[in-house]
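Notes follow once the structure below has been shown.
The values are calculated or read from the model by the stated rules, or taken from the named source; none is laboratory data. Computed from a predicted structure; not experimentally measured. Quick reminder, even Gly has a Cβ in these numbers, built from the backbone with ideal geometry, and neighbours come from all protein chains shown. Please note that ligands, DNA and RNA were not included when accessible areas were found on the heavy atoms of the full protein model with its side chains. Shrake-Rupley method; radii C 1.70, N 1.55, O 1.52, S 1.80 Å.
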Amino acid sequence: MFECETAEEWISVAIDGELSEQERVAMNRHLVSCDACQKMYSEWVELSQFVRIELSAMEAPSNIESRVQFGLRATADKHDLIRVNWAAILLFSLLSVVCAALFASPFGRIAWSVVKLIGLGLRTSTAHLGGWMSSIMPTSTPVIFIALCFCMAGICTLLVIRIHQHWRTAS
Amino acid sequence: MEESDKHVIRLAIQGSPDAFTQLVQNYKHYVYQTAVGILADKIEAEDVTQETFVRAYSALSKLRQPETFPTWIATIATRIALDSIRRRKREVPIDSPDEQSVRLEQPVVDEFSKAEGRLDLLSLLRKLSEEERTVMILRELQDRSYADIAHVLDIPVGTVRSRLHSARKHLRQVMNCGEGDKHV
């Protein structure tokens with residue numbers, strides 16, 4: 001026998017049109033003979049309509065569009081910053097590799113010979129200062145050269161970032 | 001959906017900023033209604049609405065069928081609103097005094113507005129649990145089927161059915177109590 005407790009559950013599903021044909025027939029048969037369930041059905045239909053109407057009447061505040069534009073700009077700036085950071089890392093790596101390649105190339109050997117000559121000159125001229133500089137100069141010369149290469153790569157990278165920021169501000 | 005709406009959506013998918021601005025104008029109320037219905041909080045709903053459109057802008061190029069835009073953006077809004085609820089729960093435990101003080105800061109509105117004698121939906125929705133409110137909004141505002149709701153919320157269809165039943169029963173009880181008080 002179809003009970004009111006079952007009908008109560010099925011009324012909610014019936015309002016949403018989700019009952020199977022068999023369930024709908026059984027429920028309708030019960031509603032015909034049960035005033036309480038009929039009343040509940042009407043009330044729940046009204047409740048559903050009330051919720052829909054009241055919700056649909058709510059309006060978004062007038063500043064939502066400007067808030068969305070602000071949010072889009074903030075997201076674009078964040079993505080841009082990530083892109084610039086990655087570009088800077090790649091550029092720095094590339095310039096370091098280029099500098100290292102130059103160092104290993106014939107041009108690098110010529111430059112290294114020039115540096116050795118300069119080092120020799122400095123060692124001779126600093127010999128009068130007690131010799132401590134003359135002792136460290138030969139061993140530190142390659143380190144200084146490599147450090148110079150990285151510094152140049154870093155300066156070029158920072159310059160590119162600065163130019164990009166200036167261009168972004170100008171546009 | 002009208003052909004003019006589909007045209008605007010297609011342009012927005014292709015990257016037209018003006019078309020996207022038009023979409024924001026056309027759908028801001030719908031997204032806001034979804035957010036406010038799930039959260040029962042107008043201020044949080046504004047934040048969710050903003051975030052919905054910002055996320056939609058990034059993901060719009062992946063939308064294949066313009067006619068699915070309303071459902072698509074409503075799904076985004078629903079998920080962001082649910083994330084907001086989870087964040088709220090992590091920040092303020094359910095039974096802590098802090099949550100009570102946060103709730104007290106909300107403007108207190110009676111279920112019945114005395115001037116108009118009308119029911120205030122938000123106050124009624126606040127009486128429901130978050131789960132009940134969510135299925136209610138997905139069904140009543142977004143007109144989704146039980147299967148669709150189950151898919152969006154990742155719950156069984158039977159759970160959707162029982163939550164909707166529970167939500168309606170709960171709302172009806174609250175409204176009946178309110179009407180009883182009104183007549184006293």
For chain A, report the convex hull volume of the alpha-carbon atoms normalised per residue, in Å³, without decimals.
323
Point-to-point label distance, A:Leu120-B:Arg172, nm (Cα→Cβ direction, 7 Å offset)
10.4
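Order B:Tyr30, B:Tyr57, most accessible first, counting only protein heavy atoms with a 1.4 angstrom probe.
Reading off the accessible areas and sorting them downward yields B:Tyr57, B:Tyr30.
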How would B:His7, A:His164 line up by accessible area, probe 1.4 Å, largest first?
B:His7, A:His164
Per residue of A:56-63, count partner chain C-beta atoms within 10 Å of its C-beta, then hand back the mean as an integer.
6
Using a 1.4 Å probe and counting only protein heavy atoms, arrange A:Thr169, A:Thr75, B:Thr71 so the residue with the most accessible area comes first.
A:Thr169, B:Thr71, A:Thr75
Considering only protein heavy atoms, what is the solvent-accessible area of B:Asp18 at a probe of 1.4 Å, reported in Å² to the nearest 10?
120
Unsatisfied cross-links (Cα-Cα over 27 Å) in the set B:Lys89/B:Lys169; B:Lys62/B:Lys89; A:Lys39/B:Lys28; B:Lys6/B:Lys127
B:Lys62/B:Lys89; A:Lys39/B:Lys28; B:Lys6/B:Lys127
Connecting C-alpha atoms closer than 10 Å in a GNM of chain A, tell me which of A:Phe70, A:Phe107, A:Phe50 has the biggest fluctuation.
A:Phe50
Under the definition of partner shielding as Cβ atoms of other protein chains within 10 Å of a residue Cβ, what is the mean value for peptide A:68-74?
6
